[in-house]
Structure formats: structure tokens, C-alpha cells
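Right, one structure below, let's go through it.
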């Protein structure tokens, strides 16, 4: 490979068994996935890989030349998850195979349970990227930080002072309820964008693209978020969505510090205990991505990489392993205390329309015949 060639970065994750409960990934699951991917690397299916974890989600990070939605790469991820699920069942882990919602692989893991973020890019002379891994929350949890990275001049100074960024970016937003999408341009349509993505349980940022005239081709994404919602797949609540994202940095894009800066504020997200509560997203190093307090609070891990000219993953750097984020973690704990004092009351518990696919309808059904008309 060389500068100017195409390469694909794929992040595919799944919850295939928690240890214990929904807390973390057992080391044997990581080892099993590593064995499967190492063999595929030897055979040439992928160029490089790294197996990470966030909470109870096994995270596969891969580089290859097969493009997005490759049956070979998705089939490899499915095999890794299946083999790790066998180990999870042997160990009696909680929810073993939870995110593998179909019996057999059918060419693509989308719609089968795992979360997917992929981008095919033209390799730059220096290609820094950040992969983000969230646990105990939904895809819309990325709306605020991705917006701030690519559209908020108070976060990203480059939007003001870098001529390569000054024209802004294009946001691809999905309506995950009606299965539609729209492309909005910033800064000129920033209010329209905010009108949508502020409703984070329905409208989610899927990709960000450069505009015409940017050094990066306008059809190449510079950020991508997994948007799978498990209730859309299974028809009921079967687990957290736990989204992942890939963000490119530097040279006409947000600098690394601008990519990370949004997480200095632990904004409120939906998910947490039983996928039914609002709480703060806490930026943590990977060894702290083990949510236990009320199965939370929600966590986000940031892994930094350089992609070598050969397509290898140089890293990771555990980017939130930095005392500069201690204040955000402390603030998240304060918000956690405040929200927990609400107990079963909104706004800690999600509004009823967002509880439709949780276990609450089963409780309400038991009371249905006891309701009487009010005269």
C-alpha cells in the first residue's frame, strides 16, 4: 500500500456475554477473537486488527482493502463472535450470544445484532484516527460530540482559523424510526441540523463528509457512527445499543484535541440500567470501562491510532487515560448522584414513548383490565 491508495477501517462490536452480569468482557473472549482474527490476517483477509472491549461489548477493529460491507470481513467478525460465544456459554457468562440475533451469517452483520462503523478512505501522508466505543447508551449519544467536533467553533478552533475547514462540513442524518436520511450543510443549515439531532433517540448523525474544495474527496466520510438499534431488529428490548464511531483527525479536519474536547463535558445520554434511564456519559480509559454502579454510568473509550502506509494499526493510545479528564469523570459522578435520587421517576427514567421496547409494557399489561372509565 501507499499514500493515495484506498483502505477500509471497520469497527464491529457485539455483546456476546457479560462477566458478571452486564459489567465487562471476560479475557478468554478477547483471546478467542484474537485467535480468529490472527488467522485471517495470516490468510490475507485483513491487513491488521486489534481486539478491545468497552463494558460487556467485544470490539473488533480491523483494516483491510475489501471496502465497506464486505462479506469476507463481516463473515470474519461473525465467526469471531460465534467462537467467542461458545466460550461464553462454556463459562456460563450472562447473556451469552445476546447480540447474535440470527442463526446463521447471511453476508452482512447489519441487521443481525452487532454494531458496525466502517469507512473506506484514501490514505493520507499521515492518517490519525480515533475509534470511540460507548457502553450502556444509544447511537444518538454521539450527536452532541460529533456536532461539536465538526460544526461548533467554540469547540473546534479550526472552523474559524483553518482555511481548509472554514467552509464547513456535510452531515448525513438518519431518521431511524422512518428509515430515511437527509444531508445538511454547515454552517448554513446549522439550525436545521440542530432541530433534528437534538431529538437524539430518533435522528442520529450517521456520517460527516467534507465539502467541495476540501483536500479530502467530498464522497469520503471523515466520521461515521454505528446506528443499529436492537429494538428495530428484534422487535423488543434485547440489550443496549452501545454504539461505536470512527473519526479522522488533523490536516483540514479537527485536531486530535478538538476531537476529544466534547467529552470534557459529560452530557446526558439515554440507556444505563436496563436501557431505561438517562445519565451522564463518562470518558474513561479502557481499564475503567467496567460499569457497575446501577450498571453504569454510561462509558466512552477513545482509542487513538496512526494508519501506517502499509495499512497497519499503529496503536492504540488510550486517549482518556489522562488526568485532564478527571474533572469530567468527577462531574459525571455528581450528575449520577443527582439523577439516581429520582429513582423510578422521569427524567431519570426514560419517557413512556422510549420505554415501549423495554420490559415495562409487560408490567402495564397486567394492570390493563383493572383500569376503569372516569365519569
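Restricting region 355-368 to residues that are surrounded by 11 or more Cβ atoms within 10 Å (Cβ to Cβ) and more than 23 Å from the chain's Cα centre (by Cα) leaves a set whose member that is modelled with the highest pLDDT is 364. Total residues in region 153-169 satisfying the condition of being under 11 Å from residue 210 (Cα atoms) and crowded, with 20+ Cβ neighbours inside 10 Å: the figure is 2.
Assessment of region 109-118 against the conditions (surrounded by 18 or more Cβ atoms within 10 Å (Cβ to Cβ), farther than 16 Å from residue 254 by Cβ and in contact with a helix residue (DSSP H, G or I) (Cβ under 6 Å, 6 or more places away or on another chain)) yields at least one matching residue.
Inspect all residues belonging to region 178-195 and state whether any of them is under 24 Å from residue 67 (Cβ atoms), surrounded by 14 or more Cβ atoms within 10 Å (Cβ to Cβ), in contact with a strand residue (DSSP E or B) (Cβ under 7 Å, 6 or more places away or on another chain) and in contact (Cβ under 8 Å) with a residue 24 or more places away in the chain. Yes, some residue in region 178-195 is under 24 Å from residue 67 (Cβ atoms), surrounded by 14 or more Cβ atoms within 10 Å (Cβ to Cβ), in contact with a strand residue (DSSP E or B) (Cβ under 7 Å, 6 or more places away or on another chain) and in contact (Cβ under 8 Å) with a residue 24 or more places away in the chain. Looking only at region 250-292, residues that are farther than 26 Å from residue 26 by Cα, touching a strand residue (DSSP E or B) at 6+ places or on another chain (Cβ under 8 Å) and surrounded by fewer than 24 Cβ atoms within 10 Å (Cβ to Cβ) come to 8 in all. Looking at 291, 254, just one residue is outside any strand (DSSP E or B) and either within 29 Å of residue 349 (Cβ to Cβ) or modelled with pLDDT under 95 (or both), and that residue is 291. Checked against (1) in a strand (DSSP E or B); (2) within 30 Å of residue 306 (Cβ to Cβ), residue 165 passes all but condition (1). Restricting attention to region 174-224, the residues being assigned to a strand (DSSP E or B) and more than 30 Å from residue 136 (Cα to Cα) number 2.
Residues in region 355-375 that are over 30 Å from residue 280 (Cβ atoms) and outside any loop (DSSP other than H, G, I, E, B): 365, 366, 367, 368, 369, 370. Being within 20 Å of the chain's Cα centre (by Cα) and either buried (at least 22 other Cβ atoms within 10 Å of the Cβ) or within 30 Å of residue 354 (Cα to Cα) (or both): is that true of residue 142 here? So residue 142 fits the description; yes. Checked against (1) surrounded by fewer than 20 Cβ atoms within 10 Å (Cβ to Cβ); (2) touching a helix residue (DSSP H, G or I) at 6+ places or on another chain (Cβ under 9 Å); (3) part of a loop (DSSP other than H, G, I, E, B); (4) in contact (Cβ under 8 Å) with a residue 40 or more places away in the chain, residue 125 meets all criteria but (2).
Taken over region 306-354, residues that are part of a loop (DSSP other than H, G, I, E, B) and surrounded by 11 or more Cβ atoms within 10 Å (Cβ to Cβ) amount to 15. Among the conditions (1) closer than 21 Å to residue 140 by Cβ; (2) in a strand (DSSP E or B), residue 303 misses just one, which is (1).
The values are calculated or read from the model by the stated rules, or taken from the named source; none is laboratory data. Predicted model only: the values in this text are computed from it and were never measured. Heads up, the Cβs are rebuilt from the backbone with ideal geometry, glycines too, and the neighbour counts pull from every protein chain shown.
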